[in-house]
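Report on the structure given below.
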Amino acid sequence: MKNIRQRYILFEIILPPKAPAMEISQELIMKALWDSLFTLFGQKKTFNAGLWMIRWDSMHRIGIIRVDNVSKLELIASMAFIRKLEGVPVIFHSRKTSGTVKKTLKRWREFFKTEPPKRDFK
Amino acid sequence: MYFNSCIPWDADENKFRNLVDLTFKCGYQGAFVDFSTDKEYRAFLDSGYFSKKRPRLTFPLSINSITHYRSELSPLIVFPRITLEPKNAHVLKSDLAKWVGRRCIIAVQSTDKTILEVAARDGRVDMISLPSMGYFKDLSKGIYSLIKQNRIYIDLHFGELLTSYGNKRTRLLRNYFKMFKQAKPFSHRYIFGSGHTRSEKHLWSLSGPREISAVLTSLLGLPEKHVKMMVRDHTEQLALLFLKRDQHLFIEPGIEIVDRKDKEEKE
């Protein structure tokens, strides 16, 4: 059996310049991702993936999502198929995949020049 | 270096600027700007996105030489591309004679089998574009063989897959699957771009190269090596081909200048 490890995907959501001001919540993104993954790959892949949002910055619309190493490509593929969030056209753009949170946070600071938010333990 | 195989030219400068910025944000470093008329081609050359004068390059050429074509106006390196949609084979031939001397990549798009066959035979055609499902049905094994023989690129658009839903998407995936079985990705030169078209429904359907690679690997089960060829390597090759043609490095068929020494260097 393949050794399962974690992968952390740094992604951003691109909105149209004239999009209505909307707060994209963590729950909304997770629901869209679950739906897209479920539609494309079915129940088995979806429950195996072990999706978890590690960080989410709703102001800059940047986040880090955790997934297992086997389902990494499936998650990125399902991200590509999300075209709308609450009727507003969006583009999910994955920037970097890493094996540790520390490295992903380092890339966050490097790419976006913003400080990632503290982890929410809710 | 990732190139988007097709972004449409827009006479409205703001719209085009937004599209270029969005393409850059999605992770592309270059793009082929698509137009269909002579007027649009001239407007593009006058726009400042593409240098009118041929930049001076240092030899030997590599993929980094492409950066000399970057203009101050845009973060992307843009190259012109004309998509011909001829009504019959005679029109195609006259169109090719008209466009072959100009600074652009020539793509042909048609649902007619005869036109596709003529295009696949013609060495002047750089690319056969298959933007949607309707264009697949006329491709036969013979045409694929000609395409392979003449080293023509097959341009596929991801936008179509993104904008289709339900069983239409499944059929499209099946078509791709059949196509990759008939014409193997390691022997044929596929280009899988984001495929942004002028159509209203495709206006917000750009996706980055990472996403396209992930879809091809996970959904269609292609090996990562072939996917990289489709998404990155072939577009780079096409850009280099354009650059060589633009710099008049092809003297005769089969003869190409690969290095040039300055007079001072010789002395």
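The values are calculated or read from the model by the stated rules, or taken from the named source; none is laboratory data. Every value quoted in this text rests on a predicted model; they were computed, and no experiment measured them. In this analysis, Cβ positions are derived from the backbone assuming ideal geometry, glycine residues included, and neighbour counts consider all displayed protein chains.
Kindly provide the set of residues from segment B:43-97 that are of a type in the set (S, T, N, Q) and outside any loop (DSSP other than H, G, I, E, B), ordered by number.
Residues satisfying the conditions are B:S47, B:N64, B:S65, B:T67, B:T83, B:S94.
Suppose we filter B:L116, B:L96, B:L84 for residues that are of a type in the set (A, V, I, L, M), over 23 Å from B:L45 (Cα atoms) and either surrounded by 15 or more Cβ atoms within 10 Å (Cβ to Cβ) or under 15 Å from the mean Cα position of the chain (by Cα) (or both); which single one remains?
Going through B:L116, B:L96, B:L84 in turn, the sole match is B:L116.
Any chance segment B:47-62 includes a residue that's in contact with a Pro (Cβ under 8 Å, 6 or more places away or on another chain) and either within 14 Å of chain A (Cβ to nearest Cβ) or of a type in the set (A, V, I, L, M, F, W, C) (or both)?
yes
Could you please let me know if B:S129 is part of a helix (DSSP H, G or I) and out of contact with any Pro (no Cβ under 7 Å at 6 or more places or on another chain)?
It is false that B:S129 is part of a helix (DSSP H, G or I) and out of contact with any Pro (no Cβ under 7 Å at 6 or more places or on another chain).
Please give the number of the condition A:D57 fails out of (1) within 14 Å of chain B (Cβ to nearest Cβ); (2) touching a strand residue (DSSP E or B) at 6+ places or on another chain (Cβ under 9 Å).
Going through (1) within 14 Å of chain B (Cβ to nearest Cβ); (2) touching a strand residue (DSSP E or B) at 6+ places or on another chain (Cβ under 9 Å) one by one, A:D57 breaks only (1).
Output the number of the condition that B:K15 fails; it satisfies all remaining conditions of (1) more than 23 Å from B:D155 (Cα to Cα); (2) touching a Lys or Arg at 6+ places or on another chain (Cβ under 8 Å).
Unmet condition: (2).
Please give the number of the condition A:I76 fails out of (1) within 13 Å of chain B (Cβ to nearest Cβ); (2) closer than 21 Å to B:R169 by Cα; (3) touching a Leu at 6+ places or on another chain (Cβ under 9 Å); (4) buried (at least 17 other Cβ atoms within 10 Å of the Cβ).
Among (1) within 13 Å of chain B (Cβ to nearest Cβ); (2) closer than 21 Å to B:R169 by Cα; (3) touching a Leu at 6+ places or on another chain (Cβ under 9 Å); (4) buried (at least 17 other Cβ atoms within 10 Å of the Cβ), the lone unmet condition for A:I76 is (3).
Hand me the list of helices (runs of 4 or more DSSP H) wholly inside segment B:140-233 holding 1 or more residues that are within 12 Å of chain A (Cβ to nearest Cβ).
B:158-163, B:166-182, B:209-218, B:224-228
Kindly evaluate B:F186 against the criterion of being touching a residue at least 40 places away in the same chain (Cβ under 8 Å), under 24 Å from B:L238 (Cα atoms) and touching a His at 6+ places or on another chain (Cβ under 6 Å).
yes
Quick check: anything in segment A:82-94 within 27 Å of B:F158 (Cβ to Cβ), among the hydrophobic types (A, V, I, L, M, F, W, C) and away from chain B (no Cβ under 14 Å)?
Checked against the condition, which is being within 27 Å of B:F158 (Cβ to Cβ), among the hydrophobic types (A, V, I, L, M, F, W, C) and away from chain B (no Cβ under 14 Å), segment A:82-94 yields no hits at all.
If you scan segment B:4-35, which residues turn out to be surrounded by 15 or more Cβ atoms within 10 Å (Cβ to Cβ), in a loop (DSSP other than H, G, I, E, B) and of a type in the set (G, A, S)?
Within segment B:4-35, B:G27 is the sole residue that qualifies.
Cβ contacts < 6 Å: first residue under 17 Å from B:R151 (Cα atoms), restricted to segment B:93-117; second residue surrounded by 14 or more Cβ atoms within 10 Å (Cβ to Cβ) and of a type in the set (S, T, Y), any location; separation 6+ or different chain. Result?
Going by the 6 Å Cβ cut-off, the qualifying pairs are B:A107/B:T83; B:A107/B:S129; B:Q109/B:T83; B:Q109/B:S129; B:L116/B:S110.
Listed here are the residues, each with its yes/no results for (1) within 25 Å of A:F112 (Cβ to Cβ); (2) at pLDDT 90 or above; (3) within 12 Å of another protein chain (Cβ to nearest Cβ); (4) out of contact with any Pro (no Cβ under 8 Å at 6 or more places or on another chain).
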residue: A:K2; (1), (2), (3), (4): no, no, no, yes
residue: A:R7; (1), (2), (3), (4): yes, yes, no, yes
residue: A:P16; (1), (2), (3), (4): yes, no, yes, no
residue: A:P20; (1), (2), (3), (4): yes, no, no, yes
residue: A:A32; (1), (2), (3), (4): yes, yes, no, yes
residue: A:K44; (1), (2), (3), (4): no, yes, no, yes
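Does A:G87 fit the bill of being out of contact with any Lys or Arg (no Cβ under 9 Å at 6 or more places or on another chain) and at positive phi?
yes
Residue by residue, here is whether (1) within 16 Å of the chain's Cα centre (by Cα); (2) over 21 Å from B:E211 (Cβ atoms); (3) without any contact (Cβ under 8 Å) to a residue 40 or more places away in the chain holds:
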position	(1), (2), (3)
A:P16	no, no, no
A:A19	no, no, no
A:L37	yes, no, no
A:M59	yes, yes, yes
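Of all residues in segment B:17-46 being touching a helix residue (DSSP H, G or I) at 6+ places or on another chain (Cβ under 9 Å) and within 14 Å of chain A (Cβ to nearest Cβ), which is farthest from B:L240 (Cα to Cα)?
Once the filter is applied, the top-ranked residue is B:C26.
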